[in-house]
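Below: the structure, in structure tokens.
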Amino acid sequence: MANLILKPIKDFQDFHFLVKDYQRGYKWTREEVTQLLNDIYEFEPQKENEFYCLQPIVIKEEKVSKEKELIDGQQRCTTIYLILKYLGENTFELVYQTREGSAAFIKEIDSLGIAGKWDEWVKALSDKDKDENNNVDNYHFFEAYRTIQDWFAEKSKDEKERFL
């Protein structure tokens with residue numbers, strides 16, 4: 001029997017989400033990331049307790065490790081993770097099992113000097129870092145993060161706080 005619980009994102013802070021390797025990789029494009037950013041930003045509650053609902057995120061809690069396996073909603077959850085990283089918020093943990101380097105890349109994305117285009121960014125890396133970072137998962141994380149950077153570039157500090 002499923003337990004359906006509404007949780008605000010701020011309650012995810014101590015969560016350890018795991019995206020197992022049978023899941024498809026993160027593939028959201030600029031269009032989907034921008035749509036989510038716009039939807040959240042344009043939501044204006046009419047009542048004090050109204051909130052923006054992200055749609056269900058289905059998880060299965062591992063009994064021993066207490067990790068929460070993301071079954072459904074990993075694209076939205078990953079994008080929210082990237083948005084919060086960009087905004088400097090302490091966030092939940094998100095681990096992709098597909099490639100070892102992907103887990104480290106997404107965890108450190110806010111400190112990697114993400115700028116410009118993917119090919120240019122990779123070209124500037126050392127050979128060792130190229131081997132570790134140049135993969136399809138990191139490409140999509142990079143592109144989503146760049147979209148988030150671009151979207152927030154024209155926003156004031158007050159607008160960023162309102163977004164949060």
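Divide by every residue of the chain the summed helix terms, -39500 (n - 2.57) for each DSSP H run of at least 4, and state the resulting mean residue ellipticity at 222 nm, rounded to the nearest 500 deg cm²/dmol.
Details: 7 runs with 72 residues, N = 164.
Mean residue ellipticity at 222 nm (helix-derived): -13000 deg cm²/dmol.
Look at the alpha carbon pairs under 8 Å that are at least 6 residues apart: their mean separation over the length of the chain gives a relative contact order of 31 percent.
Could you report the chain's accessible area per residue, 1.4 Å probe, as an integer in Å²?
Values: 10530 Å² over 164 residues.
With the other protein chains kept in place, the chain gives 64 Å² per residue.
Here the Kirkwood formula puts the hydrodynamic radius of the range 1-64 at 14.9 Å, using every distinct Cα pair.
Enumerate by residue number the chymotrypsin sites (Phe, Trp or Tyr not before Pro) in the range 113-164 meeting two conditions: DSSP loop (anything except H, G, I, E, B), and at most 14 other Cβ atoms within 10 Å of the site's Cβ.
Working: sites: TRP118, TRP121, TYR139, PHE141, PHE142, TYR145, TRP151, PHE152, PHE163; in loops: none.
Here no chymotrypsin sites (Phe, Trp or Tyr not before Pro) fit, given the DSSP loop and packing criteria.
Checking every one of the GluC sites (Glu not before Pro) in the range 19-96 against DSSP loop status and a limit of 12 other Cβ atoms within 10 Å picks out GLU48, GLU50, GLU62.
Residues in the range 73-90 carry Karplus couplings, in order, of x, 5, 5, 5, 4, 5, 5, 4, 4, 5, 4, 5, 4, 4, 7, x, 8, 5 Hz; the curve used is 6.51 cos²θ - 1.76 cosθ + 1.60 with θ = phi - 60°, and Gly or Pro positions show x.
Each Lys and Arg contributes +1 and each Asp and Glu -1, all at the Cβ; summed about the Cα centre of the chain, the dipole is approximately 240 debye.
Among PHE12, PHE51, PHE92, the largest mean-square fluctuation in a Gaussian network model of the chain (Cα springs under 10 Å) belongs to PHE51.
In summary, the range 63-164 shows an alpha-carbon radius of gyration equal to 1.15 times the 2.2 N^0.38 Å reference for compact globular proteins.
Give me the percent of the accessible area of the chain that comes from carbon and sulfur atoms, probe 1.4 Å, all protein chains in place.
Values: 4970 of 10530 Å².
Within the chain, the accessible surface is 47 percent carbon and sulfur.
Restricting the range 53-82 to trypsin sites (Lys or Arg not before Pro) that sit in a DSSP loop and have at most 11 other Cβ atoms within 10 Å of their own Cβ leaves LYS63, LYS66.
Once you've got the Cα coordinates, tell me which of LYS20/LYS130; LYS20/LYS157; LYS130/LYS155; LYS66/LYS155 are over 29 Å apart.
Those over the limit are LYS20/LYS157; LYS130/LYS155; LYS66/LYS155.
Cα centroids of the range 89-105 and the range 1-76: 15 Å apart.
Quick one: plug the Kirkwood hydrodynamic radius of the range 10-106 (C-alpha pairs) into Stokes-Einstein at 20 °C, 1.002 mPa s, and report D in µm²/s.
Numbers: Rh = 14.6 Å.
Translational D for this selection: 147 µm²/s.
The values are calculated or read from the model by the stated rules, or taken from the named source; none is laboratory data. Remember, predicted model here, so these are calculated numbers, not experimental data. Every residue, glycine as well, gets a Cβ built from its backbone with ideal geometry; the counts of neighbours run over all protein chains shown. Surface accessibility is based on the protein's heavy atoms, side chains included, excluding ligands, DNA and RNA. Shrake-Rupley method; radii C 1.70, N 1.55, O 1.52, S 1.80 Å.
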